[in-house]
1. Which condition number in (1) at pLDDT below 95; (2) not in a helix (DSSP H, G or I) is the one that B:L88 fails?
2. For B:D168, all conditions in the list (1) free of Cβ contacts under 8 Å to residues at least 40 places away in the same chain; (2) not in a helix (DSSP H, G or I) hold save one; what is the number of the exception?
3. I want to confirm something. Restricting to the range B:56-82 and keeping residues that are within 14 Å of B:A286 (Cβ to Cβ) and not aliphatic (A, V, I, L, M), which single residue is surrounded by the fewest Cβ atoms within 10 Å (Cβ to Cβ)?
4. In the range B:203-222, which residues are surrounded by fewer than 20 Cβ atoms within 10 Å (Cβ to Cβ), at the interface with chain A (Cβ under 7 Å from one of its Cβ atoms) and more than 18 Å from B:L79 (Cα to Cα)?
5. What are the residue pairs meeting all of these: first residue in the range B:249-260, first residue in a helix (DSSP H, G or I), second residue at pLDDT below 95 and among the hydroxyl-bearing types (S, T, Y), Cβ atoms under 7 Å, and 6 or more apart or on different chains?
6. Please state which of the following conditions A:L173 fails to meet, knowing it meets all the rest: (1) more than 14 Å from chain B (Cβ to nearest Cβ); (2) surrounded by fewer than 23 Cβ atoms within 10 Å (Cβ to Cβ).
7. Which count do you get for residues in the range B:301-314 that are β-branched (V, I, T) and either within 18 Å of B:L264 (Cβ to Cβ) or not in a helix (DSSP H, G or I) (or both)?
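The values are calculated or read from the model by the stated rules, or taken from the named source; none is laboratory data. Just so it is clear, the model here is predicted, and its values are computed rather than measured. Here Cβ is always computed from backbone atoms with ideal geometry, including for glycine, and neighbour counts include all displayed protein chains.
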Amino acid sequence: MSAPRETQAGTNATAFVLEAKQIEKSFGATHVLRGANLRIRRGEIHALLGGNGAGKSTLIRIISGSHRLDAGSISIDGRLDPNPNAIAVVFQELALLPHLSVAENIYLPHRKCAFARLGEAACYAEARAALALVDEELAERTLDWPVAQLDLHERQFVEIARALSSGARVLLLDEPTANLTFSETERLFGILRRLAQQGISTLLVSHRMGEIRALADVCTVLRDGRSVLDRVALSDISDEAIVEAMGQKSSAVSPPAPRGAPAASARMQIVLRSPGVSLSVASGEVLGLAGAPAGPSGVIETLIGASRPAAWQITIDGIDVRFPSPAEAIRAGVGYVSGDRAEKGILATLPILDNIVAAARVADRRILASSREATAAQTALDMLSIKASSIDALPQTVSGGTQQKLLLARWLAPAPKILVLEEPTRGVDIGTKREIYAMIRDAAAAGCVVVWWSTEFTELIAVCDRVVAFDLSGQASGVLDRDELDEVSLSRATGMAA
Amino acid sequence: MTEVVIDQRAADRPQPGKRASLVVRLTRIYRTEIAIAMAIVVLLVGISFWSPYVLTWGNLANIAQAAAPLILMSLGVFLVIATSGIDLSVGSTFSLTGMVAGLCFSAALPWPVVCLISLGVGLAVGAINGGLVTVVGLAPFVVTLITYAIGASLSFVITNGHSIAIADPNFWTLNGGEMIPGITNFVLFCALAVIALECVLRKLVVGRWVFAIGSNDKAARLLGIPVHGVRFGVYVASGVAASFASLLSLSYISNSESTAGANLMLQAIAACVIGGASLFGGTGSAIGAMLGAIMITVIQNGVNLIGINSFWQGTVTGAVILVAVLIDRATKVRS
């Protein structure tokens, strides 16, 4: 497809399928959007970028109709009356009905009259037509399957089909490739490009320069609620310039260089073994895990005591160990941070204090929640320069990136010997990512073994000493040393997109 | 978080292109229900080794009569459970309906009028439940715990705890009459209710909305499904079903007591669970709920016939629920 050339003066206004002008929005005293612009042409793939707190998610909620705007205007196809279906948010998994069939998921929104017949024939016909626009094979195969049986990327396709079926003109995707394999990513990109040719635009919200460069034509960058770059062709701008526009130092692109001999007084040697593979990791080393979830999760679950039977065998300083439960793993000095904050990390109804000391309580078998915990928690916040109004506030009062840092802060006091990280930078802006990289290197420098699974190859390459690659079936396909690490080698070894 | 459990039967992935024949499709859709029905038969045959009387027409009619109110109540509760809610108030609604009906009969109102007034009890309780759950946004467990407590207490308050014998000579026809010759009314009501509900749940848009909300209520809202309206509706339906069950029972027993519904709430929830409904919502069927209710009644009947102390009934029922849930879990795949 041809990328639309951009920023020519006097463009025909009606060429924009979506035009959001001078959008203002405040929540209480917080002025989140201060005149943001977003203009998307028909059939264009448009990247929306910005740091955490820049106002991206608020702008998305406004254009998708779930928030009202305070000032400004939104026009769709040049008209000011908003069609709620014209902008469709394609969520990765949340927005489907797992127990209902694929056909019903696509067709149900069409039926507004409660006591009408669903009409199976019409339901299947409409769903087949919509899904065939996205993926012929899926439309033939899966119409009467419950959605829960589909793979993640297939669910994404069903959501796209549903959006198209409801008359969507702009699809909004948020980090859509985070868990996709190389071929799935190619399939998704192919679909989006084909839809673009048919006049369906895509708004891509992402922190991943890889997928932005691969897919998008044009970008808009938000900073402090304003559009600091408004429709700039991606071919005309460097990554550094984009990061600078986002208000983050350009050095953020290159995280702190690894290495340096571990300042380990007590050196530790860990050996991980599974049939066919044996890995030896020493204190101070950052071991990356790359590949589709099946492989890395086996290592991670073994290390944190969450899998039974253990897929891997662990030997620490020559002694075989086995963690029967996460609590035992924590007491033996294993820390774990999940990228799935909401499900596996933050205790949302407990104050920040409890969130920080949760691991220490288990490690020390504490019975009393002592007043010293407050001091310890405050120290942890200060050390990681986490901004929170109070340790008694709830986690939801801080941004997503800060919550992720809270999860890391959890492990300062227990001082684990092994730190296991599962996508700790998912959905986090570049500035916060850099801080997390620094924390990882600090932990390693303090003598910790860091085991880190990431789907972002650039960060593995920048931070890790070695990376174990797993292929799509979950088998370890190779160990890449520092000097062999690059995106090509990782892509080849894992089958995943960079 | 909620775990999503999907029937193994759905894993029998249909072939693309042509659809399977009707019988094959029905067998696939109603696999759980067929299994429960067979389990009921096995149970009856098993009991007949101790007490051959269990398989006589007279006893089977007893079982049907005893099961009818529980079936109706379970259908209402199933609707609520399918939306991932819970209704704890049905038992006390049952009791309160009976007491209100008793008072109306004491006032010598004609029985159809009494029925309409008494159904109003379920309507009112259901509307209060639905309103507090949707408009105010309280948790269904809390809301129906409140209405359960108030309803149970009011059913003592309004007659000061006295039971009322029904003197109306024609009221028995609600339960025992034959609107269609040859079919006793209670059988007719249950059959109609089950068939109608099953059709609504499978074929009408609103039925798919019920499962959609139980499957993922946030997604349902994003899809433009009127989540509040449907939620409100299922609580009202559950209340009315409990009231109707109470009238049917009263028509048979002719004596209203403040404690009439005391055990029914747990039995109705148990019936839904035995019938394949998940308390997380999104699964199950009206036929399953009916079969669950029948199974519970068969167990009670069997315990009586075999001559086991009736105090053991609850233990046996509990054990059967455990077995049913374990079998269910073993035959389903997690995703």
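1. Answer for B:L88: the failing condition is (1).
2. So the condition that B:D168 fails would be (1).
3. B:G76
4. Selection gives B:K218, B:L222.
5. The qualifying pairs are B:L250/B:S256.
6. In the conditions (1) more than 14 Å from chain B (Cβ to nearest Cβ); (2) surrounded by fewer than 23 Cβ atoms within 10 Å (Cβ to Cβ), A:L173 misses (2) alone.
7. 2
Residues checked against (1) over 21 Å from the mean Cα position of the chain (by Cα); (2) buried (at least 20 other Cβ atoms within 10 Å of the Cβ):
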site	(1), (2)
A:D364	yes, no
A:A377	yes, yes
A:L381	yes, yes
A:K387	yes, no
A:L419	no, yes
